[in-house]
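Bear in mind these aren't lab numbers, they're just calculated from the coordinates by the rules spelled out. Owing to the predicted nature of the structure, the values given are computational and were not obtained by experimental measurement. Neighbour counts are summed over all protein chains in view; Cβ atoms, including those assigned to glycine, are modelled from backbone coordinates with ideal geometry.
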Amino acid sequence: MVQRDVVIVGAGPSGLAAAIACQRRGLDFEVIEKGVLVNSIQHFPPHMVFFTTPELMEIGGFPFVSPYEKPTRLETLRYYRRVVETLRLPVTLGKAVEGIEREADGTLVVRASDGPPSLSPKRLESFGEAAGCDDGRSGPRRARAVVLAIGYYDHPNYLGVAGEDLPHVSHYYSEAHPFFRKRVVVVGGRNSAAETALELYRSGAQVTLVHRGAGMSESIKYWVLPDIRNRIAEGSIAARFETSVTEITPEAVGVERHGVREALPAEAVFLLTGYHPDQNFLQRCGVHLEAGTCMPVHDRETLETNVPNVFLAGGVISGHDTAPVFIENGRLHGEKVVGLIAARLGR
């Protein structure tokens, strides 16, 4: 069984930042990722522009050079690929960590299996050779410490209504063109819902926005918020505020406002109601969850969980409320966590 100082679960910005910190402190480490490198960013809409500036997405001191004030998704993917290639970070792709067990002597056993086929085996193999990645065939890993940097984007918040699993319903948005001249209902009141509604409208879709709040969130990007408000005010995008979804059928979305029910015709539905960390996975690792918030139990200063030498980094610390943690501050967790691990190992 492979023995490591540190195993990092998740190859997003937070996990990669932790990996760089391990490398610079001379620790024996490995990053295990169930999908592709920076898997969540890969699945963002193709034309997405980030809210932040490039320098606030940098890891390891590597400059993120962009001609734009706000970096694009494609630029960001390229940046993180180059960091991994430059440092030859040992990243194993396409392997899903199933859980962690703690042995009597405190050693942590990390068990992994084949992850989702996000890339073909040949593509995964070629990437591994180029970036110095492990082939992922070596079975369980033993580690003295584990960093959980699993994020939350893989687990949407479900409404729990009938029809939510219909084929024309999605919790993720990609691009607008397929919905030209179609009736689309977008559910949500934050950035994702606002940007999706605007792009669909400008691509020729007939858009209705449904939100349980009294209006769009004030936290929406400052250049997007007036745009969505103006489009709603002029009637280009229909809106139903203080409204809840009651059911979804192949032809319509049932909603209710102040006891009055309505059926909104819809050929496509986007439920952009947020995401949360994988709570079942955390529990399989022995990490407790706080009642109500479902936040992983951890020390706020060290980011160590209730399981000794199992740490958190990035959005996984957030529980239900993911708003406070994003790339800009989550990338800083790695140095803090790895510094403590290195001190305990006497490095």
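Based only on the alpha carbon positions, what is the Kirkwood hydrodynamic radius of the chain, in angstrom? Here the Kirkwood hydrodynamic radius works out to 21.5 Å. Candidate cross-link partners of LYS70 among the lysines, defined by an alpha-carbon separation under 29 Å and a same-chain spacing of 8 or more, comprise LYS34, LYS221, LYS336. Between GLU98 and THR86, the simple spin-label model (points 7 angstrom out along Cα→Cβ) gives 3.8 nm. In a fully extended conformation the segment linking ASN329 and ALA291 would gain 11.2 nm over its present Cα-Cα distance, using 0.36 nm per residue.
Computed over region 183-299, the range of Cα coordinates on each principal axis works out to 51, 34, 27 Å, biggest value leading. Whole angstrom only: what separates the Cα centroid of region 238-278 from the Cα centroid of region 177-226? Distance between centres, Cα-based: 13 Å.
Computed from the C-beta positions of THR246 and GLN283, the FRET efficiency with R₀ = 30 Å rounds to 0.45. Extension gain, HIS47 to ARG181, is 46.2 nm, computed as 0.36 nm per intervening residue step minus the present C-alpha separation.
Between the helical axis of 13-24 and the longest alpha-carbon principal axis of the chain there is an angle of about 20 degrees. Counting only the backbone N, which residues of region 268-302 are under 19 Å from the spot 7 Å out from the Cα of GLU164 toward its beta-carbon? Within reach of a label on GLU164: 268-281, 292-295.
Put in line by how crowded their Cβ is, counting other Cβ atoms within 10 Å and starting with the fewest, SER14, SER244 read SER244, SER14. Provide the percentage of antiparallel DSSP beta bridges, counting only those with both residues in the chain; round to the nearest 5. Antiparallel bridges make up about 45 percent of those DSSP assigns within the chain.
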